[in-house]
Amino acid sequence: MFDAKKFVQEALAEVKKQVGSETAIIALSGGVDSSAAAVLAHRALGKRLIAVFVDHGLMRKDEEKEIVEVFKNKLGMNLVVVNARERFLKALKGVTEPEKKRKIIGELFIRIFEEVAKKENAKFLVQGTIAPDWIESMGGIKSHHNVAGLPSGMILRLVEPLRDLYKDEVRKVARELGLPESVSERMPFPGPGLAVRVLGELTPEKITIVKEANAIVEEEIKKAGLKPWQALAALLEGKSVGVKGDIREYGYTIAVRAVESVDAMTATAMPLPWQVLKKIQKRITREVPGVTRVLYDITDKPPATIEFE
Ligand code: XMP
């Protein structure tokens, strides 16, 4: 049986030993893994930990506000927010291949972390990498890693206190560390964010669509009191014919997905109640401009993966 209390004690000692008297930065995304790693490292290092939130514009709706509220205002951490939306959009322009997207995002992430690290004279990068991230990366399925595939030649030394844990254990650690439920029970969200939920090339319009659609899916699932492992909206490629207010509209298709899982290595498509699905469909087609069709993904993993890319 996993003992979160004991784990926290040991991890604190390990982080202190690894970092010594140096300064570290942590890549904070607001998800449960990086949040737990951040609180852990903050306890170990105090003000010698600088939390860095790189806003690549591909996060969940209102993520930045929530991060500032929890980590800066509530927990009193040193927090640096880097607005890198334009840089990411430019770097990803014309890129359609999923692994290429991950690689570009991972490299740009690290470049930005290195810029902050240089300014703050930090030598270490703390990451919330957990076991399935590196297991699946090794298997060549997706180059998960917590920041989506780390480039070689990185000068920062990595500290990964949660490396051997699975998600249910990380949640226990997050609770043990006193993180609010909105964080400890949060659904997983991929490091490359919405980039892997827009099939093919990213555009500002597509990012806005998928961000709004994801927010609606999360809201309705929560309202219905459902607790899937993960629920998401992905924007498919191509358009289909629809009709809105008697007018023909050639619009986008959103695929909704909800899965049950224990560790994300395998997953089962969740049979969402029809009325919840209809509510999601109605809200998406009404509230998200440009979307005329909503599909529900009934595929398990395998053969599909949880994310669409
Ligand atoms: P897949 O899509 O491989 O996802 O079935 C399994 C779990 O991992 C998340 N995921 C990622 N997390 N970087 C991450 O940090 C990534 O590149 C990445 N790709 C997928 C996914 O959301 C799911 O929880």
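The values are calculated or read from the model by the stated rules, or taken from the named source; none is laboratory data. Given the structure is predicted, the values throughout are model-derived calculations rather than measurements. Backbone-built Cβ (ideal geometry, glycine too); neighbour counts: all protein chains shown. Heads up: the accessible areas ignore ligands, DNA and RNA and are worked out on the full protein's heavy atoms, side chains in. Shrake-Rupley method; radii C 1.70, N 1.55, O 1.52, S 1.80 Å.
With the charge dipole of segment 195-244 set up from +1 on Lys and Arg Cβ and -1 on Asp and Glu Cβ about the Cα centre, the Cα lying farthest toward the positive end among the listed residues Leu202, Ala234, Val217 is that of Val217. Expressed as a whole percent, the accessible area of segment 221-309 that falls on carbon and sulfur atoms is 57 (1.4 Å probe). A 1.4 Å probe, protein heavy atoms only, puts the accessible area of Arg157 near 130 Å².
Placing Phe2, Phe124 in order of accessible area, with the largest value first and a 1.4 Å probe, yields Phe2, Phe124.
Straight distance only, please: which lysines reach the Cα of Lys172 with their own Cα at less than 17 Å, same-chain residues fewer than 8 apart left out? Of all the lysines, those that pass the test against Lys172 - Cα under 17 Å, at least 8 places apart if same chain - are Lys5, Lys6, Lys227.
Relative intensity of the chain on a log10 scale, I(q)/I(0) at q = 0.09, 0.10, 0.11, 0.13 Å⁻¹, equals -0.45, -0.55, -0.67, -0.93, per a Debye sum over C-alpha point scatterers of equal strength in the absence of solvent. Its alpha carbons give segment 195-240 an Rg and a Dmax of 11.9, 34 Å. When the Gaussian network model of the chain links Cα atoms closer than 10 Å, the mean-square fluctuations of Ala37, Ala267, Ala224 top out at Ala224.
Rounded, prolate or oblate: which fits segment 41-194, taking a ≥ b ≥ c as square roots of the Cα gyration tensor eigenvalues, rounded meaning a/c under 1.5, else prolate when a/b beats b/c? Here segment 41-194 falls in the rounded category. Under 5 Å between amide hydrogens, built in the peptide plane, is the criterion, and for Ile26 it picks out Ile50, Ala51, Val52, Val126 among residues at least 5 positions away or on other chains.
Segment 122-137 and segment 264-309 have Cα centres lying 29 Å from one another. At a probe radius of 1.4 angstrom, the accessible area of the chain per residue rounds to 47 square angstrom.
Between Lys172, Lys239, Lys119, the residue with the greatest mean-square fluctuation in the GNM of the chain (Cα pairs under 10 Å linked by springs) is Lys119. In the complete set of protein chains, residue-level accessible area for Lys282 is approximately 90 Å², probe 1.4 angstrom.
Over segment 211-309, Cα pairs under 8 Å with separation of 6+ residues give a relative contact order of 29 percent. For segment 295-301, backbone phi angles converted through the Karplus equation (6.51, -1.76, 1.60; θ = phi - 60°) give residue-by-residue couplings of 10, 10, 8, 9, 8, 7, 10 Hz, Gly and Pro being listed as x.
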